[in-house]
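Note sheet for the following structure.
The values are calculated or read from the model by the stated rules, or taken from the named source; none is laboratory data. Here the structure is a predicted model, which is why all the values come from computation and not from measurement. Note that we place each Cβ from the backbone using ideal geometry, even for glycine, and neighbour counts take in every protein chain shown. Each accessible area value is taken on the protein alone, full model and side chains, heavy atoms only, with ligands, DNA and RNA left out. Shrake-Rupley method; radii C 1.70, N 1.55, O 1.52, S 1.80 Å.
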Amino acid sequence: MADQSVFRITKELSDLQKNSDLSLAVACRDIDVRNVKALIIGPHETPYEFGFFEFDFKFNKDYPRKSPTVVGTTTNSGRTRFNPNIYSNGKVCLSILGTWRGERGEEWSAAQGLESILLSIQSLMSTNPYENEPGFEDANEASDKKNQKDYVQKIRHETLRISVIQRLEDYLGIEVGGSTQPTVPSDYDLDMDTMDDDSAPFLPFKDLCKRRFLWYYESYLAAIQKGKGETKDGQSFARMPFEGVSNSMEGKFNYTELEKRLRNVKQVLDEETERWASEGLEAKTKESTVAVNLQRQFEQVVESFKHADIPHNLELVDNNPFIWALTYFGKPMTNLDGGLFRFKLHFSPRFPEEQPRVRFETRLFHHRISPDGTPCYVAPISRREDVKSHIEAVIEALEEEQPPYDPRTLVNPEAFKLYWGGPDERRNYNRRLRRSVQQSME
């Protein structure tokens, strides 16, 4: 049974990691598949929007006959209850986990698994989480309506403060007051055997959260502006009827401070990306494995472009294999036709553990490119070390003519709203896209 349990867990992990779901991520140390970390990115148009919520899963030897134990770890050190069903001590109340008495048929079965649990937890992160509390599902009194609004307001504030800003500040070594402490290791040829060392911090979502932060930065700013319009700095959070003294969400609104901290995180993250250039040159001088690999891949991609008669121009910036610059020629017979766009790929000396960060230098009004030039693209997980796959994914995101509606790709709120609006909005979007294409040649 134990071997079957490990096989089942390993398969589920592999399936989830291959999945293109942009809002779920899982990871474990190779030496211990029974202890899994999972990340849920909060759904669009909820107070949890694009927040980073982490959970620890512990699978026993009887899995899948018995459900795993799940504990939420995004709790502000046990001080914040983010949902009626997600306690400040990390307890997750779900009938399929046996932590809540549900209706008949809602209990755990071996047909369920890691993904179904994550989706169940994600479904709790709704537009009106107040109604998740038993007995409050149909609460419609005037006091309930006020509570619902107050509850949404404080969850939005704490999602930004704790799950996004505080998490990124920890990752970037930003201390109280905004100063930073260096967190970058000086050894560029990391011994991969040490990555699973139990003594080393296991932070599998660090790079993912940094890249998603760049995607959703404008949405975070918009949420802060919305919060400023609904609350006043210094205003205390309202306590909900179901919140206890040691299991609640206490605090005060301070969106002015949150905006300051959010902008500082963005600045420090951009500075980290720029720092990769000098670190890369040092790694090149030492002939590190990553530097040699990137140089070889660059030469291979240039050669493949020539053989395939692809017009795009690729070069190294300052002969640095850690910064690639690509000039993209707009696809004929599309809205991009005639455009000339330059974007850079910045590589970390710890690539591919840290994935490349891409930034368009040429302004392009596009629903998959943020206002600061960060494209929303997803490279195949099985080819994350292959730079060509990243370039192809960026171009595919640009050229996709009939993309499915997916709010998880909302990196440019203005362009996204126009693109997915009515016929008039779509025409306006096309006009602005064409205008930026024309300007790219000026």
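Taking every protein chain into account, the 1.4 Å probe leaves Val245 with about 130 Å² of accessible area, to the nearest ten. Put a dot 7 Å past the Cα of Ile310, heading toward its Cβ, do the same for Asn247, and the two dots end up 5.5 nm apart. Amide H to amide H distances under 5 Å link Thr99 with Leu94, where only residues 5 or more positions off or on other chains count and H is placed in the peptide plane. Annotation: per residue accessible area for region 213-321 equals 52 Å², rounded to a whole number [probe 1.4 Å, protein chains only]. To the nearest 10, the accessible area of Cys28 is 30 Å² with a 1.4 Å probe. The listed residues Trp420, Trp276, Trp100 rank as Trp100, Trp420, Trp276 when sorted by accessible area, largest first, using a 1.4 Å probe. On full extension, the segment bounded by Glu257 and Lys228 gains 9.4 nm, given 0.36 nm per residue less the C-alpha separation. Here region 70-168 was treated as a single set of alpha-carbon atoms; its pair distances binned every 5 Å from 0 give 2, 11, 20, 23, 19, 14, 8, 2, 0 percent.
Under a Gaussian network description of the chain, with springs only between Cα atoms under 10 Å, the residue in Phe365, Phe205, Phe136 that fluctuates furthest is Phe136. Computed from the Kirkwood radius of its Cα pairs, the Stokes-Einstein diffusion coefficient for region 25-127 at 10 °C and 1.306 mPa s stands at 112 µm²/s.
Subtracting the Cα-Cα distance of Asp30 and Met441 from their residue separation scaled by 0.36 nm leaves 143.0 nm.
Candidates Asn76, Leu94, Ile41 compared by Cα position along the dipole of region 1-156: farthest toward the positive end lies Asn76, with charges placed on Cβ. Computed over the chain, relative contact order equals 11 percent, with contacts defined as Cα pairs under 8 Å that lie 6+ residues apart. At an R0 of 35 angstrom, the distance between the Cβ atoms of Glu400 and Val317 translates into a FRET efficiency of 0.80.
Between Ile369, Ile381, Ile162, the residue with the greatest mean-square fluctuation in the GNM of the chain (Cα pairs under 10 Å linked by springs) is Ile381. Projecting label points 7 angstrom from Cα along Cα→Cβ for Thr180 and Thr73 puts them 2.4 nm apart. Where in region 121-161 does the label zone of Arg101 land, with the point 7 angstrom along Cα→C-beta and an amide N cut-off under 14 Å? Counting backbone N atoms under 14 Å from the label point, the list is 134-135. A simple charge model with +1 on the Cβ of Lys and Arg, -1 on the Cβ of Asp and Glu and nothing else charged puts the dipole of region 304-442 at about 300 debye relative to its Cα centre. When the Cα positions of Phe322, Tyr63, Val176 are compared along the charge dipole of the chain, Val176 comes out farthest toward the positive end, with charges on each C-beta of Lys, Arg, Asp and Glu.
Packing, taken as the mean count of other beta carbons within 10 Å per residue, orders the peptides 220-227, 351-358, 152-159 from highest to lowest as 152-159, 351-358, 220-227.
Just so you know, the Rg over Rh for region 346-409 is 0.97, from Cα atoms, with Rh as the Kirkwood radius. Only Cα sites of region 319-442 enter the Debye sum here, all with the same form factor; the resulting log10 I(q)/I(0) across q = 0.09, 0.12, 0.23 1/Å is -0.26, -0.45, -1.46, listed in q order. Annotation: average projected area of region 232-360 is 14.3 square nanometres, based on the convex hull of Cα atoms across all directions.
Pair-distance distribution P(r) for the chain, from all Cα-Cα distances in 10 Å bins starting at 0: 4, 18, 27, 26, 17, 6, 1 percent. Once both labels are positioned 7 Å from their Cα atoms along Cα-to-Cβ, the gap between Lys149 and Asn19 label points is 3.7 nm.
Using a Cα-Cα cut-off of under 24 Å, which lysines could be cross-linked to Lys18, ignoring same-chain neighbours fewer than 8 residues away? Cross-link targets: Lys37, Lys58, Lys206, Lys210, Lys388. Ligands, DNA and RNA left out, the 1.4 Å accessible surface of the chain is 49% carbon and sulfur atoms.
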